[in-house]
Ligand code: MG
């Protein structure tokens with residue numbers, strides 16, 4: 001992809017292969033409804049998705065409280081003091097996110113919704129063509145995100161889940177469990193996967 005800002009220069013956890021797959025399915029998703037991501041961190045996945053949206057003259061919705069997930073907190077494995085707000089005594093990824101969206105010239109495309117995803121999902125009413133679940137990794141958070149958002153997908157809509165690790169040695173299990181639950185529900189079928197990104201389709 002030819003971007004003003006290489007998404008891989010943005011802090012984040014998405015591989016180039018995973019980013020390319022998101023971009024590929026975002027195009028299909030936009031033909032079916034809106035595209036939204038749950039969990040943005042500093043905007044790496046946002047750049048992949050929003051570039052496709054911008055080309056199609058569409059919007060990309062991005063939900064995150066920007067306070068970091070459990071595994072990003074001080075003392076945990078993925079803590080990064082460059083996104084620590086000392087005044088708030090909390091993580092704040094919003095300044096970096098905003099800087100990256102501006103640098104990529106995507107401010108007219110990306111609509112950031114800053115707050116708890118489950119609460120936003122409850123009042124959201126617009127049909128979705130694609131949903132990326134890439135939020136917190138506790139079972140409670142992963143499940144709440146799935147329950148709040150998956151029902152908004154239209155038939156044929158795409159559900160992408162990041163950090164799906166079948167082997168617990170590779171990472172936490174909740175995204176894997178949510179993925180399995182979606183497949184076992186009979187409402188979704190797996191259409192693609194690369195790295196820890198799985199793409200399901202709403203039947
Ligand atoms: Mg992730």
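Within the range 81-95, how many residues are touching a strand residue (DSSP E or B) at 6+ places or on another chain (Cβ under 8 Å) and assigned to a loop (DSSP other than H, G, I, E, B)? So the count comes out to 2. None of 122, 200, 187 is at pLDDT below 95, in contact with a helix residue (DSSP H, G or I) (Cβ under 9 Å, 6 or more places away or on another chain) and away from the ligand (no atom under 15 Å from the Cβ) except 122.
Evaluating residue 83 against the criteria (1) closer than 19 Å to residue 9 by Cβ; (2) free of Cβ contacts under 8 Å to residues at least 40 places away in the same chain; (3) in contact with a helix residue (DSSP H, G or I) (Cβ under 7 Å, 6 or more places away or on another chain) leaves one unmet condition, (2). Determine, yes or no, whether residue 114 is under 27 Å from residue 128 (Cα atoms), surrounded by fewer than 19 Cβ atoms within 10 Å (Cβ to Cβ) and in contact with a strand residue (DSSP E or B) (Cβ under 9 Å, 6 or more places away or on another chain). Taking the combined requirement at face value, the residue satisfies it. Scanning the range 146-184 for residues that are within 16 Å of the ligand (Cβ to nearest atom) and in contact (Cβ under 8 Å) with a residue 60 or more places away in the chain yields 149, 160, 162, 163, 172. Has the range 31-49 got any residue that is over 24 Å from residue 148 (Cα atoms), in a loop (DSSP other than H, G, I, E, B) and either within 14 Å of the ligand (Cβ to nearest atom) or at pLDDT 95 or above (or both)? Looking for residues that are over 24 Å from residue 148 (Cα atoms), in a loop (DSSP other than H, G, I, E, B) and either within 14 Å of the ligand (Cβ to nearest atom) or at pLDDT 95 or above (or both), one finds none in the range 31-49, hence no. Counting only residues that are outside any loop (DSSP other than H, G, I, E, B) and touching a helix residue (DSSP H, G or I) at 6+ places or on another chain (Cβ under 9 Å), the range 1-20 holds 7 of them. Would you say residue 57 is in contact with a strand residue (DSSP E or B) (Cβ under 8 Å, 6 or more places away or on another chain), surrounded by fewer than 24 Cβ atoms within 10 Å (Cβ to Cβ) and free of Cβ contacts under 8 Å to residues at least 40 places away in the same chain? Against the criterion (in contact with a strand residue (DSSP E or B) (Cβ under 8 Å, 6 or more places away or on another chain), surrounded by fewer than 24 Cβ atoms within 10 Å (Cβ to Cβ) and free of Cβ contacts under 8 Å to residues at least 40 places away in the same chain), residue 57 does not qualify.
The values are calculated or read from the model by the stated rules, or taken from the named source; none is laboratory data. On a predicted model such as this, the values are computed, not experimentally measured, just so you know. Every residue, glycine as well, gets a Cβ built from its backbone with ideal geometry; the counts of neighbours run over all protein chains shown.
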